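Down below is the structure, laid out as structure tokens.
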Amino acid sequence: MEALLTQLPTGLAIGSVLLLAALGLNFTFGQMGVINMAHGEFIMVGAYTAFVLHAWIGLDPATTLLAALPLAFAITGTLGWLLELGLIRHFYGRPLDTLLLTFGVGMILQQAARDLFGAPNVDVPTPTWLTGGITLFDTVRIHHSRLFILALALTAVAALAYYLHRSRPGRQMRAVIHNRDLAATTGINTRKIDAATFFIGSGLAGIAGVALTLIGPTGPTLGTNYIVDAFLVVVIGGLGQLRGTVIAAFALGLLNATVEAWADASLAKLIVFAAIIAFLQTRPQGLFTVKTRSLT
Amino acid sequence: MRTRPTHTALAAALALTTAATGCTTPGTAGVDEDTVTVGMLHSLSGTMAISEVTVRDAVQLAIDEINADGGVLGRQIEPVIEDGASDEATFAERAQKLLTSDDAATVFGTWTSASRKAVLPVFERNNGLLWYPVQYEGLEASDNIVYTGATTNQQIIPALDHLREQGHTSLYLVGSDYVFPRTANQIITAYAQAHDMDIVAEEYTPMGHTEYSTITNDIAHHEPDAVFNTLNGDSNVSFFQQLRSAGVHADDTPVLSVSVAEEEIDGIGADNITGHLTAWNYYQSTETEPNSRFVQAFTDTYGTDRVTSDPMQSAYNSVHLWKAAVEQADSFEVDDVRAALDGITIDAPEGTISIDGTTQHLVKTSRVGQVNDDGLIDQIWSTPEPITPDPYLESYDWASDLHS
């Protein structure tokens with residue numbers, strides 16, 4: 001019990017990273033059904049946005065972080081929008097082709113980063129007010145950078161929930177996901193909605209990238225470290241389910257942290273994967289599903 | 001598909017024939033009146049490219065220097081560059097190609113132990129000679145490889161000696177989950193038992209792992225005297241960033257790393273690792289006359305933003321050592337060169353090094369350095385004498401269980 005308590009903050013920290021990485025996928029993969037393998041590279045582009053602001057433009061670490069968040073959202077969002085406009089929309093209904101296509105785009109982005117910034121990792125300094133931590137019950141330390149990421153993830157979730165449930169374009173988005181044809185007959189421009197969904201989903205990847213510079217390496221292959229976990233979170237949460245993604249991310253984070261408390265990290269990863277397989281055997285549709293009366 | 005086995009058999013037969021012909025015509029392999037062909041075999045693509053490209057650059061620099069200086073035995077060195085693509089099977093196949101169809105007189109290459117083990121049978125079968133430039137886990141001494149990086153008694157054991165001298169008696173071990181860290185930690189554990197040191201914990205994480213909160217909190221909780229770090233690659237970035245957030249400082253709990261060199265520090269962020277320790281045989285800041293020439297030549301060729309590291313320097317030395325051995329033997333033939341290896345000595349950037357003919361490892365000095373604010377490493381300790389290589393740790397009583 002004590003182990004569980006001490007690992008709680010660590011679990012929340014891991015969960016919030018997973019949540020940030022998976023939030024964007026929840027849109028493109030979960031809601032639109034597009035397997036975008038380049039999503040990891042969008043995360044990488046977000047991280048390099050912060051690097052460029054700091055190293056090339058010369059902003060100080062704190063300004064870099066705050067300016068990079070909206071800028072990365074705009075840049076990767078635009079990249080995603082262009083990807084959807086130029087390539088993906090010609091491949092709707094052909095998941096295998098989309099997978100290969102976006103995998104290729106991912107490799108192009110990786111190589112572009114390598115040519116532009118060099119193969120070694122680059123340094124994005126953490127603002128000094130995020131470097132320390134708070135000590136709880138003697139043994140547990142919560143890092144400020146983790147708290148920041150947790151707050152960022154929760155803010156993003158709140159903003160998305162508001163957008164999807166309260167705003168007009170958000171409700172239209174949900175309508176299109178529930179029943180594309182019916183939504184179209186009511187006058188919703190589904191093409192426009194698809195483009196908007198892709199913009200938001202990809203933009204969230206950029207925000208995740210900026211946040212990840214606080215806790216991990218910034219290099220051309222940054223995205224590949226997170227992409228598998230992000231897909232897992234979306235699948236476990238149930239496709240297109242915001243609350244499912246949130247719960248799945250924190251559940252996975254906590255599970256990881258608890259297992260790691262008594263087994264080493266290698267073994268913990270194995271046990272978590274085994275648990276995921278067992279879960280999907282009994283509940284392949286994930287935690288939550290969309291209830292619908294349509295025949296498809 | 002039925003024809004496939006026939007093709008494979010045919011290819012194998014052809015390869016064997018070529019190899020056999022290569023052996024029966026001494027003195028002609030890859031050498032003509034003006035040139036000598038050598039192979040360069042590194043990963044230029046894939047995950048290992050980040051490290052191996054730097055080593056390739058160093059080898060190329062040495063070859064250019066030697067060529068400008070008149071070549072080897074009056075012949076210009078012509079490198080054939082192959083890409084191992086971070087994949088063991090590709091390494092073996094490319095090695096076969098270099099030895100049989102390019103007739104390379106020698107090959108400079110590989111980085112990971114996995115790739116070295118993959119090409120080893122190819123070099124033994126074709127009687128080739130490979131120059132391996134990276135520190136490794138020891139327990140190997142092939143006639144067809146010259147090991148120009150450190151073996152365990154030239155890096156890990158001296159590092160432990162240093163920690164013990166500083167009065168650090170409790171160690172926390174953290175490493176990536178593969179052969180080098182596991183072997184290194186076996187040695188460290190045996191050393192600790194023999195010298196009354198305490199191993200607080202031994203933790204492994206998968207390659208590419210980025211979540212170190214649990215381990216860094218655990219380190220902060222245990223307060224060991226020092227951490228011995230055998231993590232590889234990107235994981236070091238996450239580890240050092242999160243260790244700093246966990247409030248562990250180099251003054252109280254120094255981390256000694258054996259796989260973090262100048263090249264990696266920039267990505268980790270100098271302020272995350274300042275004050276921590278590394279164990280190598282060479283630093284960019286090592287004060288020798290050959291080193292100032294090496295650093296100058298390297299930055300002139302590749303740009304002032306580039307740094308030099310231990311594996312790069314070892315690869316650079318490999319070419320010069322090979323040249324010296326060829327000139328000693330007055331022949332490019334592998335058997336003649338091998339016979340001339342023992343005692344070959346050069347003034348390298350890391351100081352005077354010489355080849356120990358029995359193990360085909362180098363006699364070299366071991367150093368401990370401290371990362372400074374500029375992201376370079378200052379030497380703070382070195383062994384008084386160069387250390388004779390002992391890849392099987394036969395001269396250490398406490399290690400008797402390790403090599404049985």
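The values are calculated or read from the model by the stated rules, or taken from the named source; none is laboratory data. What you are looking at is a predicted structure, and each value in this text was computed from that prediction instead of being measured. Positions of Cβ are generated from backbone atoms using ideal geometry, with glycine treated the same way; all protein chains shown enter the neighbour counts.
Within the option set B:D251, B:D225, B:D271, B:D234, being of a type outside the set (S, T, N, Q), touching a His at 6+ places or on another chain (Cβ under 9 Å), surrounded by fewer than 24 Cβ atoms within 10 Å (Cβ to Cβ) and assigned by TED's automatic domain parsing to the domain that holds B:N185 holds for one residue only, B:D225. Scanning the range B:338-364 for residues that are within 19 Å of B:A62 (Cα to Cα) and not in a loop (DSSP other than H, G, I, E, B) yields B:T345, B:I346, B:D347, B:A348, B:G351, B:T352, B:I353, B:S354, B:I355, B:L362. The residues of the range A:21-51 that are within 13 Å of another protein chain (Cβ to nearest Cβ), at pLDDT 90 or above and under 12 Å from the mean Cα position of the chain (by Cα), listed by number, are A:G40, A:I43, A:M44. Of B:S238, B:S331, all but one fail to be within 14 Å of another protein chain (Cβ to nearest Cβ) and either closer than 26 Å to B:G39 by Cα or modelled with pLDDT under 95 (or both); the exception is B:S238.
The condition of being touching a helix residue (DSSP H, G or I) at 6+ places or on another chain (Cβ under 6 Å) and polar (S, T, N, Q) holds for only one of A:T197, A:T221, A:T186, A:T289, that being A:T197. Residues that are farther than 17 Å from A:L116 by Cα and free of Cβ contacts under 8 Å to residues at least 24 places away in the same chain within the range A:39-59 comprise A:G58, A:L59, listed in sequence order.
Okay, residues lined up against (1) surrounded by fewer than 22 Cβ atoms within 10 Å (Cβ to Cβ); (2) in contact with a strand residue (DSSP E or B) (Cβ under 8 Å, 6 or more places away or on another chain):
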residue: A:L204; (1), (2): no, no
residue: A:L214; (1), (2): no, no
residue: A:L232; (1), (2): yes, no
residue: A:L254; (1), (2): yes, no
residue: A:D264; (1), (2): yes, yes
residue: A:L267; (1), (2): yes, no
residue: A:A275; (1), (2): yes, no
residue: A:T289; (1), (2): yes, no
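Restricting the range B:274-302 to residues that are part of a helix (DSSP H, G or I) and either aromatic (F, W, Y) or closer than 21 Å to B:A150 by Cβ (or both), the residue that is nearest to the other protein chains (Cβ to nearest Cβ) is B:Y302.
Restricting the first member to the range B:77-100 and to residues that are closer than 12 Å to B:R116 by Cα, and the second to residues that are surrounded by fewer than 22 Cβ atoms within 10 Å (Cβ to Cβ) and β-branched (V, I, T), the beta-carbon pairs closer than 7 Å and six or more apart or on different chains are B:G84/B:T90; B:S86/B:T47. From the list A:T128, A:T135, the lone residue that is in contact with a Lys or Arg (Cβ under 6 Å, 6 or more places away or on another chain) and within 14 Å of another protein chain (Cβ to nearest Cβ) is A:T135.
Cβ-Cβ distances below 9 Å connect the following pairs, each with a first residue in the range A:215-229 that is facing chain B (nearest Cβ under 7 Å), a second residue that is part of a loop (DSSP other than H, G, I, E, B) and of a type in the set (F, W, Y), and a separation of six or more residues or different chains: A:I215/B:Y212. Summed over the range A:238-249, residues that are over 13 Å from the mean Cα position of the chain (by Cα) and within 14 Å of another protein chain (Cβ to nearest Cβ) total 0.
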